1. Checking the cross-link filter: which lysines have an alpha carbon closer than 17 Å to that of A:Lys411, excluding same-chain neighbours under 8 positions apart?
2. Dipole size in debye (nearest 20) for chain A around its Cα centre, Lys and Arg Cβ +1, Asp and Glu Cβ -1?
3. Sort B:500-510, A:541-551 for me by packing, meaning the mean count of neighbouring Cβ atoms within 10 Å per residue, highest on top.
4. If the cut-off is 12 Å between C-alpha atoms, which aspartates and glutamates fall inside it for B:Lys91, apart from same-chain ones fewer than 8 positions away?
5. Can you give me the P(r) profile for the stretch A:237-364? Cα pairs, bins 5 angstrom wide beginning at 0, each as a whole percent.
6. Counting only complete DSSP H runs, which helices of chain A cover 20 Å or more along their long axis at the Cα atoms and score a mean Kyte-Doolittle of 0.5 or above?
7. Assuming R0 = 25 Å, can you tell me the calculated FRET efficiency for the pair B:Ser388 and A:Asp566, based on Cβ-Cβ distance, to the nearest 0.05?
8. Given +1 on the Cβ of Lys and Arg, -1 on the Cβ of Asp and Glu, and no further charges, what dipole in debye does the protein assembly as shown carry about its Cα centre, rounded to the nearest 20?
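Bear in mind these aren't lab numbers, they're just calculated from the coordinates by the rules spelled out. This structure is a prediction, so every number in the text was calculated from the model and none was measured. Here the Cβ positions follow ideal geometry from the backbone for every residue, glycine too, while neighbour counts run over all protein chains shown.
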Amino acid sequence: MSARLAADIGGTFTDLVVLDSDGHLHVEKTSSTPGDFKSGVLTGVTKVLDAVERNTQGKMRLTLGDVQYFVHGATVVLNALIERKLPTAALVTSAGFRDVLEIMRTNNPYMYDLKWVKPAPLIPRHLRFEVRERVRHTGEVLTPLDEKAVVELAREIKARSINTIAVCFIHAYANPLHERRFREVFLKEHPDCVVVISSDVAPEIREFERTSTAVINASTVPIISSYLDDLSAELRERELKRELYVMQSNGGIITASTARLFPARTVMSGPSGGVVGAQYLAERAGVQNAVTIDMGGTSSDMGVISNGHALTVDESRIDGWPIMAPMIEILAIGAGGGSIAWIDSGGALRVGPQSAGASPGPVCYGHGGDEPTVSDACVVLNRLNPDYFLGGEMTLDTQSAEHAVAEKVAKPLGLSTQEAAEGVIRVVTANMAKAIRSILIARGHDPRDFTLMAFGGAGGMVAADLLRTGEVTKVMVPNNPGALCAMGMLSTDFRHDFAQSNVTAFDNADWGEVAKQLGSLRERGVERLVEEGLSEKEIDCSYVLDVRYVGQDHYLRVYVDNENLDPAEIREAFNQLHEKTYGYSTPEFDVEMVNLRVFAVGKVGRPDLPTYPARADRDELAAKDSRKLIFDGAAVETAVYGIEQLADGDRLEGPCVVEDPRSTIVIAPEQYGTVDQFRNVTIENRP
Amino acid sequence: MQKQASRPDAVDPVTLEVVRAGLTSIISEMSITLKRTSYSTILREINDFSCVLFDGTGRLLAQAEGIPIFNGSMNFVIEAVIEKYPLDVMKPGDIYLSNDPYTAGGTHKNDINVVMPIFWEGELVLLAANKAHHLDIGGKDPGSWSADARNTYQEGLCLPVIKLATEGVMNDAIVEILLANLRTPELSRGDFAAQIASLKTAELRAHSWLEKHGSELLKIAGEELIDHGERLVRAAIQAIPDGTYKASGFADGDGVSDEPIPIAVAVTIKGGDIEIDFAGSGEQREGAAGNCHWVVTVSMSRQTVMFLTDTALGGNEGSYRPITVKAPVGSVYNPQYPAPVTTGMGNMGTRLIELVFIALSEVIPEEVIGGTFGCFSCMTLGGEEPDSGGEFVHFECYSGGWGGRAHADGNTATVSLGSGDAYNIPIEVMETTTPVLLCEKFALQPRSAGAGKYRGGFGTEIDYRTLGDAEMAIALDRERFKPYGLFGGKEGQGSELLIDPGTPEEQWHIRSSGVKIKAGSVIRHRTAGGGGYGDPHERDPALVAIDYRNELITFEDARDIYGVALDEKSGEIDEDKTNALRSS
């Protein structure tokens, strides 16, 4: 008997999913335990394994020994970064450049805000050191590394009891030898120190971004190491035999030992899990193109699945600090169930980015919140069943929610309370629609070709309104919307991305050499995956050239056939892509490659999802209840279904509500929903 | 729409936000296209461009966050276009081009404007425009950034409003003439393509928006957006007590003469209106660094008001209605043709913002900041690239310290007040695109920040070694008249530029151009630190100790300026001695 287990640690809840050997899914939720996330995970593991026994009426019993695959997200890294709870670390740079980290890119992101305070550097100036050495952009050594100074520095850092350092030398992406030699010499003097060199973690041009990546990596190595060591030990005691796997921001998994070296690659592992889960679900449901929106309490994370693949970016920022690492593209916007509605000094209605957060939370939670939120607006419109919130674990304070919307939104705008509540939802969904448009259109996609997948605790609540923005024509709310991240982790592959800088104009390129370089990147990927226990036939590689017009900086990614590199074909593919992305191309301009990339993927067997066959007797689906919801200012009697009632092929006529213990789906009067075999609900406008 | 407010010709606040979101997303897509497809580092790294939308009558409807100085100036561009080519003669696919401050509402000649009408169902409903800084526009010095230009002709090619494309057909002759006048034609060719592509993006996206919402909603909501912009600004002005507030001072010099330039402002608040009058400022100057063109005077004044209001939404036509700007004809803030104006935009323009802050500091002390490092601190280097033999131009706006504020230290190493979301060029990118320059140091300038309860931010020092011969132009300010302190805060250390420092050949420059630099020289560019805010003796001693430990102030500074006694070795605070120092 073998099974898979995934744990996704969120800010409030830790979601656990087990897929048993019969292909049944078991979902549980437990409170997260910030400060010691491990204990929440362990509680959850016990809970979900118990659930297996309970759900199968005792027919199946699982222990950790039966789990062949345990994946989880590295939330500890993201949390430590956001809260700035990082160990004391030092930075070593080329002589003359120790302040690059503090200077940043010199921009003032809030152009009219005189009160904006530039972030304090991740490592203070007195812990930033310089070493004499210099390499040019060509990789040529201008000044050799001062090895004597390295020895002295190592002694000083050791004497100060600093055990983690980042190293970033100018142009190290073009020639990493000085950084590598530094590490070698340094470690002889201070062998217990974690030494992270920039050419290992981010061999790409731009000194500030690379320094930031190296510093984030160095500062979080001790955090992820101690966390994974403790958790692995506890899990081994509970008989887990396999090594723990960790989700990366790029949507692939790595072993815990690799994660210890590259924590910066795991920062966004939670949100990426959601996109990967959606990708998996989309594939099963036959959806090629989807934009995903994971709507939680304070924000929404959006991602894009195009032709079955999640889109990735090569750089992103956490709290203003860049990380150069391939990540699933996640656009976070300040729109969630707890986003606060307010009237600005010019009398306009605005929603967010301020949020009531988990504490005090929306007014309707009754925990002392007094600012009207999106969730409160939903309560006013009677979208949430006040007695069935969190499966009845929490009762909603309808009256206070109405009062807050009336006083703080309706009165100042001269609207009725219900009109105001509908307005709040229209504004927040307009902001989300704007984000949908920008994430799709920036990549050259037409939103009308995309299905919106709305999940997270609040996704279903506003699904109908997102459809009403007209940005997309279909909205799918997945079954188990809260556990999609954890489900994503169950369905993900091993993945390593390798890149090699090679800026060469097409006309001057030695294509045999390019093929050779791609081949050697492939070998590195295969080697790493074989080490992780995959066999060669489970490995699949794709090959990419980053291409641009000579003189441009930004490049586009062209997938190539490494067996048969045809420059004319690649040039043509690039021109077409440029045309598609930016609306024009200039085929008469010279073209150059920038980076060669190989994505090495180790396929793991994909789990099956539980299915719910069409009802044999063709009985009408009967509503379990009904209540009056507000649509366009009018109270409309609305049917209420339970998710457990739904079966493949069911049609849900709007207006109606589908309730799940953890979420609510609303379908507006002019819309209808269809249910597939996985109990995903897809909402469309009635023709 | 589903809901209409009581006025028949108005939209409800909700629909308004829906329209606003649609317009700003069109603008951000214009910006993405421009940035990602451009060629020069000034666009692709620094982001020195701005995209905006006007309504069908030419009123500013929405603009992206970005470079403040651009944002208040775009209406002058559109007004000049419409004056020459009225709206009723415009056709789909027409594109207009300009850069001249005097006849075309331009800011300075490097900033090239392109404008395109957008039609829907046969009617002109929007105008898309963008302004982008080209690395070189001809003129006397590489980079066209001459502190000592004596007339507008020396500042580069002049483009009055001209029609670049007629119903979709480009006039290639114009592009050929343009490029033939520039030192870096290949970069400009690509940047130009990016500017045009950005307009086409606007048209494409606007059409798909209009298809869904129609032009009627755009018109009605546009009206309301503009009114809303006005209300936001008026509300902020109303929070300032009525009265007239004055300030005066001196700018360092004009590039031809170092005679100080008197500047003065009177700011009058009356209810929701603000008038900013520069009467009392000196007469227009011979050198470019001393003249701020009227377009920039108005735009900088508008931005100053934006600094003091809630403008997370970006300004529009309405935001500027409450603002009246005056400057005597022929003064440094309203110079007449053919006065040179390029470098004065940075120098005099930044002074203008700070002058208004000083004037208002007595009534809104919490909203203003101490003196900043001043102008854009731009330096240009040009010459022949030894490897390729081609002509290179390096142009960058440098960062420095901002002034301390009521509740926080000034920001360190940040671009000038007018530059907003402009980035630096990474050293590694600069060396790759301009291999003739080698950067040897890019660091904070210790001791440069003005002391205060909240000190200023630190300026920077950047050292370049030239690997071939080059020619330099520099336009600095705040060397003699240093960044001011407020409420007892001290001045920041001034700016300076040294060539071959510490050698017998050492040269010192503040405003110069055509400076010949031999291969192997070092250029040391130091920007000023920000002025302090409040009495240095009131600064938290723990913060003084941190600056000392970080080697940003000396032991003596801590003692003599801040009245904090530290242990020289450990940096520990001696509380008794500190109390003694501070009570004496």
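1. Reachable lysines: B:Lys3.
2. On the way: 69 positive and 95 negative charges, 260 e Å.
The calculation lands at about 1240 debye.
3. Numbers: B:500-510: 13.5, A:541-551: 20.2.
Output ranking for B:500-510, A:541-551: A:541-551, B:500-510.
4. Cα-Cα hits under 12 Å: B:Glu123, B:Glu167.
5. 2, 10, 15, 16, 16, 15, 12, 9, 4, 1, 1, 0, 0
6. Values: long enough: A:37-55 (26 Å, 0.17); A:207-237 (44 Å, -0.03); A:269-285 (23 Å, 0.00); A:417-441 (36 Å, 0.63); A:511-531 (30 Å, -0.57); A:567-582 (22 Å, -1.12).
Span-like helices, by this rule, are A:417-441.
7. Values: r = 29 Å, r/R0 = 1.17.
Given R0 = 25 Å and the Cβ-Cβ separation, E is 0.30.
8. On the way: 119 positive and 178 negative charges, 219 e Å.
For this selection, approximately 1060 debye.
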